[in-house]
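Asks: First, the structure itself, so that you have it in front of you.
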Amino acid sequence: PHLAALVLARGGSKGIPLKNIKLLAGVPLIGWVLRAATDAGVFHSIWVSTDHDEIEKVAKQFGAQVHRRSPEVSQDSSTSLEAIREFLNHHHEVDIVGNIQATSPCLHPSDLIKVADLIQKEGFDSVFSVVRRHQFRWSEVKKGENKMTEPQNLNPAKRYRRQDWPGELYENGSFYFAKRHLIEKGYLQGGKMAYYEMRAEHSVDIDIDIDWPIAEQRVLSFGYFGKEPLKEVKLLVCSIEGCLTNGRIYVTEDHKEMVSYDYRDIVGIDLLKKRGIQVRLISERDCSKTLSAMQLGCVAEVGATNKLQVLKDWQEDMGLSWKEVAYLGNEESDVECLKQAGMSGVPADACAAAQKAAGYICKSRGGCGAVREFTEHIFLLLEKVNSARKQ
């Protein structure tokens, strides 16, 4: 049977404008679940249903096919079921839909693989995700009602300790898998049903803006970053123009060139060095005088006509794997380097090709703190590496 992953990503969002492609820990929100779906390897096709051009563009960057949904199922009042049924009406080859929520950035491929087995091999008609919670519930007393609240799932005289109570299962909204015949009858859950219990730390659902900073920390700690395990970064290579500087060149009347840089970026470079991470700079221009004036104390290659070859030479000379190399670039000449490095980033104003190739898109522009921001991102991922080692 044809199993299709389907992510519903409407352009309208009352809480956060274009929430589905807003950057979360340097990656568009929808990118986290598309990466997990791709690496799961169980889907015959991966789709994003959207009504917005920018969401379509991001979806294709992450390798998904796009279904342009109609205005009729793109309203604030439209339901997920309506959008899924419309998708099935246009894609008769699909037998099973795995509806994955774009707002669940800590989803892992291992979860999707197990759910695919439940519905394909064990014969369930629908499977949905749940999380276990240890929360005591009480009845609601509305204003003006002359009555007392009542316990719903506990005896107040014999309150459970957490370790003595298995808790209760709640839908966490990460995904809903269902067979075509069930959806055509108007159900996402029905027939022979099963739930799939996800780990609590992976149950992140972004609904309101206040959740965003919390979600960023959660995804950095528990998110899925790719098939290969992360390694400790030992080398950062940074493009000078457009990353360390803002790319502008000021020319004085006596034909001298000047550039500006952000002191925060210099602090970021110093912090990397203190952590034992080498920082090297690269430029297509001969800006040796500028580098000398900045006194950064970094190895640099200027006038580089082939940045990738320079990067390879440095990587081999230092005896590093690509997973131990980070690269910060911003132009088309950086694209191959961004693809090769184990950790890659670009400033917010990088060209489209560079943004597509990068794993992290800074909120800061080039020459305005992007290096420092990428430094902090490296440190956060190093914490993830160290945590994995301890486990």
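Asks: If I model a spin label at residue 254 and residue 133 as a point 7 Å from the Cα along the Cα→Cβ vector, what separation in nanometres do I get?
Replies: Distance between the two pseudo-spin positions: 7.1 nm.
Asks: Here's something else I'd like to know. Considering only protein heavy atoms, what per residue accessible area in square angstrom results for the chain with a 1.4 angstrom probe?
Replies: Details: 19790 Å² over 391 residues.
Each residue of the chain exposes 51 Å² on average to a 1.4 Å probe.
Asks: Still on this structure, please answer the following. Quick one: P(r) of segment 235-389 from all Cα-Cα pairs, 10 Å bins, percents rounded to integers, in order of increasing distance.
Replies: Computed distribution, short to long bins: 11, 44, 36, 8, 1, 0.
Asks: Under a straight-distance cross-link criterion of Cα-Cα below 12 Å, which aspartates and glutamates are reachable from residue 227, leaving out those fewer than 8 residues away in the same chain?
Replies: 39
Asks: Can you pick out the pairs among 323/384; 274/323; 60/185; 19/231 whose Cα atoms lie more than 25 Å from each other? Mind showing how you got there, number by number?
Replies: Details: 323/384 14 Å; 274/323 20 Å; 60/185 31 Å; 19/231 30 Å.
Correct reply: 60/185; 19/231.
Asks: I've got another one for you. Of 237, 9, 195, which is farthest on the positive side of the dipole of the chain, counting Cα position, with +1 on Lys and Arg Cβ, -1 on Asp and Glu Cβ, and the Cα centre as origin?
Replies: It is 195.
Asks: In segment 351-382, whose amide N lies under 19 Å from the spot 7 Å out along Cα-to-Cβ of residue 39? List them in ranges.
Replies: So the set is 356-361, 377-382.
Asks: Please report the net charge: other residues with Cβ closer than 14 Å to the Cβ of residue 291, K and R +1, D and E -1. Walk me through the numbers on the way to the answer.
Replies: Values: positive: 280, 285, 289; negative: 241, 257, 265, 284, 286, 301.
Around residue 291, the charge tally is -3.
Asks: If you filter segment 222-274 for GluC sites (Glu not before Pro), then keep DSSP loop positions with at most 14 other Cβ within 10 Å, what is left? List each step's numbers first, then the result.
Replies: On the way: sites: 232, 241, 253, 257; in loops: 232, 253.
Filter output for segment 222-274: 253.
Asks: Also: Which percentage, to the nearest 5, of the DSSP beta bridges contained in segment 235-389 is antiparallel? Don't jump to the answer; show the numbers that get you there.
Replies: Values: 3 of 20 bridges.
About 15 percent, rounded to the nearest 5.
Asks: May I ask you to list the aspartates and glutamates whose Cα is less than 15 Å away from that of residue 356, ignoring any residue fewer than eight positions away on the same chain?
Replies: Once the sequence-local aspartates and glutamates are set aside, what remains near residue 356 is 54, 56, 331, 332, 334, 336.
Asks: Let me ask you something else. In Å, what Kirkwood hydrodynamic radius results for segment 94-248 from the alpha-carbon pair distances?
Replies: Working: mean 1/r = 0.0510 Å⁻¹.
Kirkwood hydrodynamic radius for segment 94-248: 19.6 Å.
Asks: Can you pull out the GluC sites (Glu not before Pro) in segment 130-230 that DSSP calls coil and that have at most 12 other Cβ atoms within 10 Å? Provide the component values of the computation, followed by the final result.
Replies: Working: sites: 140, 145, 168, 171, 184, 197, 201, 216; in loops: 140, 145.
Here the GluC sites (Glu not before Pro) that fit, given the DSSP loop and packing criteria, are 140, 145.
Asks: Net charge around residue 173, counting only other residues with Cβ within less than 10 Å of its Cβ (Lys, Arg = +1; Asp, Glu = -1)?
Replies: On the way: positive: none; negative: 171, 205, 207.
That sum, taken over residues with Cβ under 10 Å, equals -3.
Asks: Additional query: For the chain, give me the percentage of DSSP beta bridges that are antiparallel, rounded to the nearest 5 percent. Don't jump to the answer; show the numbers that get you there.
Replies: Values: 18 of 55 bridges.
Just about 35 percent of them are antiparallel.
Asks: Ok, one more. Could you tell me how many cubic angstrom of Cα convex hull volume segment 10-129 has per residue?
Replies: Details: hull volume 13.4 nm³, N = 120.
Once divided by residue count, the hull of segment 10-129 is 112 Å³.
Asks: Still on this structure: Only four residue types carry charge here, +1 at the Cβ of Lys and Arg and -1 at the Cβ of Asp and Glu. Report the dipole size of the chain about the Cα centre in Debye, rounded to the nearest 20. Don't skip to the answer; put the middle values down first.
Replies: Details: 51 positive and 53 negative charges, 279 e Å.
Computed about the Cα centre, the dipole is about 1340 debye.
Asks: Which value, to two decimals, describes the C-alpha radius of gyration of segment 3-222 once divided by 2.2 N^0.38 Å?
Replies: That works out to 1.11 for segment 3-222.
Asks: I want to check the label-to-label distance for residue 299 and residue 321. Put each point 7 Å from Cα in the C-beta direction and report it in nm to one decimal.
Replies: Output for this residue pair reads 2.1 nm.
Asks: Further question on the same structure: Give me the distance in nm between label points sitting 7 Å out from Cα along the Cα-to-Cβ direction at residue 66 and residue 263, one decimal.
Replies: Placing both labels 7 Å beyond Cα along the Cβ direction yields 4.4 nm.
Asks: Can you tell me the relative contact order of segment 289-391? Whole percent, Cα pairs under 8 Å, sequence separation 6 or more.
Replies: Working: 120 pairs, mean separation 17.1, N = 103.
Result for segment 289-391 is 17 percent.
Asks: Taking the dipole about the Cα centre of the chain, with the C-beta of Lys and Arg at +1 and of Asp and Glu at -1, give me whichever of 177, 41, 291 is farthest to the positive side.
Replies: Positive-most Cα among the choices belongs to 177.
Asks: Counting every Cα pair in the chain, what percent are over 33 Å apart? Could the numbers behind the result be given before it?
Replies: Details: 32815 of 76245 pairs.
Cα-Cα pairs in the chain separated by more than 33 Å: 43 percent.
Asks: If amide hydrogens are placed 1.01 Å from N in the peptide plane, which non-local residues have theirs closer than 5 Å to the one on residue 48?
Replies: For residue 48, whose amide H was placed from the backbone, the distant partners under 5 Å are 7, 65, 66, 67.
Asks: Could you check what % of the DSSP bridge pairs in segment 3-222 are antiparallel, to the nearest 5? Please report the intermediate quantities before stating the final value.
Replies: Working: 15 of 35 bridges.
Percent antiparallel among DSSP bridges in segment 3-222 is about 45.
Asks: Taking loop as defined by DSSP and a crowding limit of 12 other beta carbons within 10 Å, which chymotrypsin sites (Phe, Trp or Tyr not before Pro) in segment 77-155 fit? Could you put the intermediate results ahead of the total?
Replies: On the way: sites: 87, 124, 128, 136, 138; in loops: 124, 136.
Qualifying residues, ordered by number: none.
Asks: May I pose another question? Mind giving me the FRET efficiency for residue 221 and residue 108? R0 is 22 Å, r the Cβ-Cβ distance, nearest 0.05 is fine.
Replies: Details: r = 13 Å, r/R0 = 0.59.
FRET efficiency, residue 221 to residue 108: 0.95.
Asks: Over the alpha-carbon set of segment 316-391, work out the extent along each principal axis and list the three values in angstrom, largest first.
Replies: 38, 27, 20
Asks: Between residue 273 and residue 292, what length comes free when the chain is fully extended (0.36 nm per residue of separation minus the Cα-Cα distance, one decimal in nm)?
Replies: Length gained between residue 273 and residue 292: 5.0 nm.
Asks: Something else about it: Return the FRET efficiency for the residue pair residue 118, residue 170: r is the Cβ-Cβ distance, R0 is 22 Å, and the value is rounded to the nearest 0.05. Show your work: numbers first, answer last.
Replies: Values: r = 19 Å, r/R0 = 0.86.
Result of the calculation: an efficiency of 0.70.
Asks: Kyte-Doolittle cut-off -0.5, length cut-off 27 Å along the helix's own axis using Cα: show which whole DSSP H helices in the chain pass.
Replies: Numbers: long enough: 370-390 (30 Å, -0.10).
Answer set is 370-390.
The values are calculated or read from the model by the stated rules, or taken from the named source; none is laboratory data. Please read all numbers here as calculations on a predicted model, not as lab measurements. Cβ coordinates were reconstructed from backbone atoms using ideal geometry, including for glycine residues, and neighbour counts include every protein chain displayed. All accessible areas refer to the heavy atoms of the entire protein, side chains included, with ligands and DNA or RNA removed. Shrake-Rupley method; radii C 1.70, N 1.55, O 1.52, S 1.80 Å.
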